[in-house]
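Trainee: Below is one structure. I have some questions about it.
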Amino acid sequence: MKKGILICGHGSRDKEGVEHFKVLVRKLQDRYPDDVVDYGFLEFAHPVYAAAVERMYLQGVRHIIALPAILFAGGHAKNDIPYEMNTLQQQYPDLTITMARHLGISAPLLQLSQLLIEEAEAAAKAVDRADACLLLVGRGTNDPDANSDVAKLARMLGEGMGFGFTTTAYIGVTQPLLADTLPILECLPFKRVVVLPVFLFTGILLKRIYSQVADWQASSTKEYLCTAAFGSHELLLQAIDERIREAQAGHGNMNCQLCKYRTQIVGFEEDMGKEQIGHHLNVKGILFEEEEKPGARKGILSTVKKVFGI
């Protein structure tokens, strides 16, 4: 029986971000030559998960490990991707789909974060870390559990690397936003701010972070250093290896102790027990570059852009 690994991406309106994701997939295909390694996207890019699963099934695959290429467990990892996989599982009675857990905080991810910070520092003049601030910028979600993992990663890096001050910000959805955090950091007595965007690949949000930091640097007396995204580094591949091994062994369970869907979390009590259902169904498979083409889809794309503010 052939086995497969499905890399479940989110998708991006940025073509460069999609290409970087495909680089990761190619590396994993080389890394797992005995398995069928394929990929799909939740939204904004092709193929969608259903097409990828069909493609793998037609190659004889009857057991798929679905790996969310997601850093932290917000709505995509807890709802959207499991909903999609559960729906597909029902369509293929002789196919088993095993969900791996999201990447999360692991030793390889910590090591990679440290490496990215050190690379950014090496490209600038020497400054004692006690005189520098570390700022982690997350995507931001409506799930406090996922947002808190960004803060946990920040504390582990800040304390482990000896920064004088460490804090977090987000580029959207939750507070504090990066644009609101930069003026606060300007008031603190540190010579340098090292900005680590907590993102796997480039894309619209990552470029927005770089742009906001660059705009702020133009009128600041402090030095701002931005690291690269995690990309397809060997250490990230090792983090993925861990999740695949867990799924293969049958114990890749998520930590649900502080999940707002399992426990009454302060301020999110109404979310406990909500039905697991994807919320991206209206934009699944839509490619935004198609808007310039004539046809009925243009109206749909314009509506989606308006609704999502993009």
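The values are calculated or read from the model by the stated rules, or taken from the named source; none is laboratory data. As the structure is a computational prediction, the values presented were derived from the model and not from experiment. Virtual Cβ from ideal backbone geometry, glycine too; neighbours counted across all protein chains shown. The accessibility values were calculated without ligands, DNA or RNA, using every heavy atom of the protein model including side chains. Shrake-Rupley method; radii C 1.70, N 1.55, O 1.52, S 1.80 Å.
Trainee: Report, ordered by the first and then the second residue, all pairs with beta carbons closer than 7 Å, sequence separation of six or more or different chains, a first member in the stretch 127-140 that is over 21 Å from L178 (Cβ atoms), and a second member that is open to solvent by 10 Å² or more (accessible area, probe 1.4 Å) and not small (G, A, S).
Mentor: Between residues of the stretch 127-140 that are over 21 Å from L178 (Cβ atoms) and residues that are open to solvent by 10 Å² or more (accessible area, probe 1.4 Å) and not small (G, A, S), the close pairs are V127/K191; R129/M161; R129/F163; D131/F190; D131/K191.
Trainee: Please determine, by comparing only the residues of the stretch 3-37 that are free of Cβ contacts under 8 Å to residues at least 60 places away in the same chain and within 18 Å of the chain's Cα centre (by Cα), which one is most open to solvent (accessible area, probe 1.4 Å).
Mentor: Within the stretch 3-37, the match that is most open to solvent (accessible area, probe 1.4 Å) is E19.
Trainee: Of D94, D180, which residue is outside any helix (DSSP H, G or I), among the acidic types (D, E) and at pLDDT 95 or above? Walk me through it before giving the result.
Mentor: Values: D180 fails: outside any helix (DSSP H, G or I).
D94 is the lone residue from the list that is outside any helix (DSSP H, G or I), among the acidic types (D, E) and at pLDDT 95 or above.
Trainee: Scan (1) open to solvent by 20 Å² or more (accessible area, probe 1.4 Å); (2) touching a His at 6+ places or on another chain (Cβ under 7 Å) for the single condition E43 breaks and write down its number.
Mentor: (1)
Trainee: Working carefully through the options S220, S232, find the one that is small (G, A, S), open to solvent by less than 60 Å² (accessible area, probe 1.4 Å) and under 30 Å from H63 (Cβ atoms).
Mentor: S232
Trainee: Turning to a different aspect of this structure: Looking at this structure, is I277 at pLDDT 95 or above and touching an Asp or Glu at 6+ places or on another chain (Cβ under 9 Å)?
Mentor: When the stated conditions are applied, I277 does not pass them.
Trainee: Which pairs have Cβ atoms under 8 Å, sit 6 or more apart or on different chains, and link a residue in the stretch 164-180 that is within 21 Å of H76 (Cα to Cα) to one that is open to solvent by 20 Å² or more (accessible area, probe 1.4 Å) and of a type in the set (D, E, K, R)?
Mentor: Correct list of pairs: A169/D180; Y170/R139; I171/R139; I171/R208; G172/R139; V173/R139.
Trainee: To continue, here is another question. All but one of (1) part of a helix (DSSP H, G or I); (2) within 25 Å of D180 (Cβ to Cβ); (3) more than 19 Å from the chain's Cα centre (by Cα) hold for L157; state the number of the condition that does not hold.
Mentor: Here L157 meets the rest and fails (3).
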